[in-house]
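**Q** Below: one structure in structure tokens.
Every number in this text was worked out from the coordinates using simple rules, so none of it is lab data. Fair warning: this is a prediction, and the values are worked out from it, not measured in the lab. Every residue, glycine as well, gets a Cβ built from its backbone with ideal geometry; the counts of neighbours run over all protein chains shown.
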Amino acid sequence: MSPSAPSPGLTEDTEDSVKLPDPGLNAPGKRNAVRAMFAEIAPSYDRLNHLLSINIDKRWRRFTVANLRDLLDKPGAIALDICCGTADLTLELEQHARVIGCDFCHPMLVIGNDKIAGRKAGRAALAEGDALRLPFDDSSFDVITVAFGLRNLEDVEGGLREMHRLLKPGGRAAILEFSTPVIPVFRQIFDFYFHHLLPRIGGIISGSKGAYSYLPQSVRSFPSQKRLADMMRSVGYNNVRYHNLSAGIAALHLGEKA
């Protein structure tokens, strides 16, 4: 490799201070590039998420938790939120059960811990950890969630296997992720916004145009709703199903461990 060539898993971006991750599915070397990218945009991450989604992302998280209530509300239930970022979903889960949020990007966890410090429930804790190699025993959690993080893993199938390993028998995994709109006309309108307007707006506000170009490119590389459901079944999940949210802009996949 020549000295001027990008490292594996990275793409050139002359406008930003960090190299961007390769948006391809399971791109080699993606891990460190993703961590550096999120570290850079951490200060504006929450504000931009809510602005660019017109706060619909909050509704999607609440819907996710609603589909887990039967397990979360049981005495002694404990949840794990993987790729928790700034802990938005972690705090939704905390309203119903003890929860550990895990992420490998320290600046995101700093913001998440500030949010947790202002809560009265005291049932949430954050830990630094890699979603592919988590420091927990087998069959430890009743519920495991990941919101908008699975597509950023270097090994998506490996991430699904790790979640399955950590679930208790009878436990449930919930994967909230951007997906493919199911209405053709709406898909065209959304694609224009997602691939052209969003990177511009996100770049202006965050100062990282590249990070918000990576987002739609990584979604385009991610498996369809049906394909992701098939991947979950192939690594051992039972009763796999999914819900399209906001006409398929996002999808919630659910699967259980026998």
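**Q** Where nothing but the Cβ of Lys and Arg (+1) and of Asp and Glu (-1) is charged, how large is the charge dipole of region 103-152 around its Cα centre, in debye to the nearest 20?
**A** 300
**Q** Need one number: nm distance between label points at D73 and L197, each 7 Å from Cα along Cα→Cβ, rounded to one decimal.
**A** About 3.9 nm separates the two model spin labels.
**Q** Something else now. Divide by every residue of the chain the summed helix terms, -39500 (n - 2.57) for each DSSP H run of at least 4, and state the resulting mean residue ellipticity at 222 nm, rounded to the nearest 500 deg cm²/dmol.
**A** Using -39500 (n - 2.57) per qualifying helix, the result is -13000 deg cm²/dmol.
**Q** Moving on to the next point. At R0 = 22 Å, how high is the FRET efficiency between A125 and S44 if r is their beta carbon distance? Nearest 0.05 is fine.
**A** 0.30
**Q** Along its three principal axes, how long is region 31-101 when you only count alpha carbons? Whole Å, largest extent first please.
**A** The Cα atoms of region 31-101 stretch 39, 28, 16 Å along their principal axes.
**Q** Can you tally the net charge around L134? Count Lys and Arg as +1, Asp and Glu as -1, for every other residue whose Cβ sits under 13 Å from the Cβ of L134.
**A** Value of the local net charge: -4.
**Q** In addition: Output the relative contact order of the chain, whole-number percent, from Cα pairs under 8 angstrom with separation of 6+ residues.
**A** About 20 percent, as a whole number.
**Q** Can you pull the semi-axes for region 127-258, root of five times each eigenvalue of the Cα gyration tensor, sorted largest first, whole Å?
**A** 29, 18, 10
**Q** Take the cross-link list K19/K115; K74/K257; K226/K257 and give me the ones stretching past 22 Å between alpha-carbons.
**A** The pairs that break the limit, which is 22 Å between Cα atoms, are K19/K115.
**Q** If packing is taken as the average count of other Cβ atoms within 10 Å, what order do 110-121, 68-79 fall into, highest mean first?
**A** Listed from highest to lowest mean packing, they are 68-79, 110-121.
**Q** Which order, highest average first, do 129-140, 85-96, 175-186 follow once you tally other Cβ atoms within 10 Å for each residue and take the mean per peptide?
**A** Highest mean packing first, the order is 85-96, 175-186, 129-140.
**Q** What is the distance in Å between the Cα centroid of region 149-192 and that of region 18-58?
**A** Cα centroid to Cα centroid, the span is 15 Å.
**Q** Further, regarding this structure: Specify which labelled value, from (1) 25.9, 91; (2) 16.6, 46; (3) 17.6, 58, agrees with Rg and Dmax of the Cα atoms in Å derived from the coordinates of the model shown.
**A** Given (1) 25.9, 91; (2) 16.6, 46; (3) 17.6, 58, the structure-derived one carries the label (3).
**Q** If R0 is 25 Å, what FRET efficiency do you get for A258 and Q95 from their C-beta distance, rounded to 0.05?
**A** Computed FRET efficiency for A258 and Q95 comes out at 0.30.
**Q** What does the charge dipole of the chain about its Cα centre add up to, to the nearest 20 debye, if the Cβ of each Lys and Arg holds +1 and the Cβ of each Asp and Glu holds -1?
**A** My answer is approximately 680 debye.
**Q** Please work out how much length the chain gains when fully extended from N32 to L132, using 0.36 nm per residue of separation minus the C-alpha to C-alpha distance, in nm with one decimal.
**A** Additional length available on full extension: 34.7 nm.
**Q** Modelling each spin label as a point 7 Å along the Cα-to-Cβ direction, I'd like the S224/D114 distance in nm, to one decimal.
**A** Output for this residue pair reads 4.2 nm.
**Q** Any chance you could run the full-extension gain for N244 through Q188? It's 0.36 nm times the residue separation minus the Cα-Cα distance, nm to one decimal.
**A** 18.5 nm
**Q** What's the magnitude of the charge dipole for region 195-258 around its Cα centre, counting Lys and Arg as +1 and Asp and Glu as -1 at the beta-carbon? Answer in Debye, nearest 20.
**A** 100
**Q** In terms of the Cα gyration tensor, with a ≥ b ≥ c the square roots of its eigenvalues, is region 184-258 rounded because a/c is under 1.5, prolate because a/b exceeds b/c, or oblate?
**A** prolate
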